[in-house]
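Engineer: Below you will find the structure I want to go over with you.
Please treat every number below as a calculation from the coordinates, not as lab data. Quick caveat: nothing in here was measured; it's all calculated off a predicted structure. Counting neighbours? That spans all protein chains shown, and the Cβs are built from the backbone with ideal geometry, glycine included.
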Amino acid sequence: MQYSAEALIAPHFVRSPEGLVVSPNERALLRLIWRNPGISRSEITGHIDLTQQSVYRIVDQLTARGIIALGAPKPGHGRGQPSPTLRLDGKHAYACGISANTDVVGICLMDLSGRILGEASIALRELSMAEALDEVKIALAQLEQRAGLDRRAFFGIGFAIAGYHVGGTRYNAPLPLHEWSLIELGPLLSEYFDRPVWVHNGANTGTIAESMFGVGRHVRHFAYLSFNYGFGGGLISDGELLVGGNGNAGEFSGIFDVEESKRRPALQYLIERLNQNGVEVPSISYMRKNFDRNWPGVTEWVEEVTPAYNRMINAVRAVVDPQAIVFGGQVPADLAQMLIDRTRIFDRPRYGVHRPSPKFIISEIATDASAMGAAVVPFKSAFY
């Protein structure tokens, strides 16, 4: 039988008798509140296709269940009795995001309102998959204890892994994660953590984090470049993640042939270049924290990858037409700026008028965006 994380959601979260956590109308309202925390109840009807009577009824139901909280009314808003403001109630549920990168496993605890409750990381080094998961379980328990969380509110886990999707909850990950590859991660992890687990590509969960907490707050259409051991990304179209027919939309490395692939902007190759030039860089995490654009080999590598990088940028622009292209993943901000400075748009103006180009934006998410986005995934699946 095909694995389904939704089928494993604890009964006390489920809205009877439909078997859903929230109804479609409730989901629409919760999504609106997420995007507009502090919106007043009377303002809802101006943003959503529901009558005022329906809004009041849904708000009452969600408040009774502890999913939303009523706040003080906005002063001077409208006529009649002041309307309370609405926020998602973080106490109702929390989720854990786990991101398996080639050198480190990131962990992020988040409540329903999007508040980060704790973060941790586990260095993979030579750890086996079983050893790494044991370390993650210990770190998760410590984070829960520090935050004083009630395990009954533990809704589920979003798990992100570097690599492309091959079917079900199986991903083909880079060599350092070979033990994690081509196996059904969903049922394995759900049994291990005793919670439903939603499995995604790490670049996609980074894209989700950018959509929910970063550029996506203001931009509805953007491409996210995920610079990690490898190189991939994700696409946001009208505010939602574009997954694609096979679950691999945003696999930007796929446009390069075998030879070009060695000159794509994957950080594994930059680390190799730095080590060849006598700069000891043990991991991508280390490079992100300590990056110096003056290290010997950096400029040489950037110049080498620029042609392939520019072709990728122009392919994204031509095919997807995003409003913005976001530089994220584990890329150091200075390195991202070096690439942006070398960007060349293949534009041919007609009648002196250029086709609109996307803005280039360096992600301001300083923590593990992939783990953060993974933590949101259970909530996006069931609540908003």
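Engineer: Suppose each label sits 7 Å from its Cα in the direction of the beta carbon; what would the M1-A141 distance come out to in nanometres?
Structural biologist: So the label points at M1 and A141 sit 3.0 nm apart.
Engineer: Apply the membrane-span-like helix rule to the chain: whole DSSP H runs, Cα extent along the own long axis of at least 24 Å, mean Kyte-Doolittle hydropathy at least -1.0. List the helices found. Present the calculation step by step, with values, prior to reporting the outcome.
Structural biologist: Values: long enough: 129-147 (27 Å, 0.08); 298-320 (30 Å, 0.23).
What comes out of the filter, once short or polar helices are dropped, is 129-147, 298-320.
Engineer: In deg cm²/dmol and to the nearest 500, what is the mean residue ellipticity at 222 nm of the chain if only DSSP H runs of at least 4 residues count, each as -39500 (n - 2.57), divided by the residue total? Before the final figure, lay out each step's value.
Structural biologist: On the way: 11 runs with 132 residues, N = 384.
Mean residue ellipticity at 222 nm (helix-derived): -10500 deg cm²/dmol.
Engineer: Using 1/(1 + (r/R0)^6) with R0 = 56 angstrom and r between the beta carbons of E272 and L70, what's the FRET efficiency to the nearest 0.05? Each step should come with its number before you reach the end.
Structural biologist: Details: r = 56 Å, r/R0 = 1.00.
With R0 = 56 Å, the Cβ-Cβ based efficiency is 0.50.
Engineer: So what is the relative contact order for the chain, in percent, with contacts set as C-alpha pairs under 8 Å and at least six apart? Don't skip to the answer; put the middle values down first.
Structural biologist: Details: 688 pairs, mean separation 69.0, N = 384.
About 18 percent, as a whole number.
Engineer: Here's a follow-up. Ratio of alpha-carbon Rg to the 2.2 N^0.38 Å globular estimate for segment 232-335, to two decimals, please. Before the final figure, lay out the partial values.
Structural biologist: Details: Rg = 15.1 Å, N = 104, 2.2 N^0.38 = 12.8 Å.
Normalised Rg, Cα atoms only: 1.17.
Engineer: To continue, here is another question. Dipole magnitude of segment 6-91 about its Cα centre, charges +1 at Lys/Arg Cβ and -1 at Asp/Glu Cβ only, in debye to the nearest 20?
Structural biologist: Working: 11 positive and 7 negative charges, 54 e Å.
Its charge dipole is roughly 260 debye.
Engineer: Separation between the D49 and L242 pseudo-spin-labels, each 7 Å from Cα along Cα→Cβ, expressed in nm?
Structural biologist: Between D49 and L242, the label points sit 2.4 nm apart.
Engineer: So what is log10(I(q)/I(0)) for the chain at q = 0.12 1/Å, when the Debye sum runs over its Cα atoms only?
Structural biologist: -0.95
Engineer: If you don't mind, another one. Just order 120-128, 375-383, 280-288 by mean Cβ neighbour count inside 10 Å, highest at the front, would you? Numbers along the way, then the final one.
Structural biologist: Details: 120-128: 14.9, 375-383: 24.4, 280-288: 16.8.
Final packing ranking: 375-383, 280-288, 120-128.
Engineer: Based on C-alpha coordinates, I'd like the Rg and Dmax of segment 274-384, in Å.
Structural biologist: For segment 274-384, the Cα radius of gyration and maximum Cα-Cα distance read 17.4, 52 Å.
Engineer: Tell me, in nm to one decimal, what length is gained between N294 and F346 on full extension, where the rule is 0.36 nm per residue of separation less the Cα-Cα distance?
Structural biologist: Working: separation 52, 0.36 × 52 = 18.72 nm, distance 2.91 nm.
Length gained between N294 and F346: 15.8 nm.
Engineer: Please report how far the C-alpha centroid of segment 329-381 lies from that of segment 204-252, rounded to the nearest whole angstrom.
Structural biologist: Value for the Cα centre distance between the two parts: 9 Å.
Engineer: With each label point set 7 Å from Cα along the Cα-Cβ vector, what nm distance links R217 and S16?
Structural biologist: Calculated label separation equals 4.0 nm.
Engineer: Beta carbons within 10 angstrom, averaged per residue: use that to sort the peptides 228-234, 129-135, highest first. Display every interim value, and only then the final one.
Structural biologist: Numbers: 228-234: 25.6, 129-135: 15.9.
Going by the mean number of other Cβ atoms within 10 Å, highest first, we get 228-234, 129-135.
Engineer: Something else now. Using R₀ = 51 Å, calculate the FRET efficiency as 1/(1 + (r/R₀)^6) where r is the Cβ-Cβ separation of R35 and E259; round to 0.05.
Structural biologist: Working: r = 44 Å, r/R0 = 0.87.
After rounding, the FRET efficiency stands at 0.70.
Engineer: Please give the peptides 108-116, 9-17, 56-64, 341-349 ranked by average Cβ packing (other Cβ atoms within 10 Å per residue), highest first, as a rough proxy for protection. Spell out each step's value before the answer.
Structural biologist: Values: 108-116: 20.9, 9-17: 12.6, 56-64: 16.1, 341-349: 11.0.
Output ranking for 108-116, 9-17, 56-64, 341-349: 108-116, 56-64, 9-17, 341-349.
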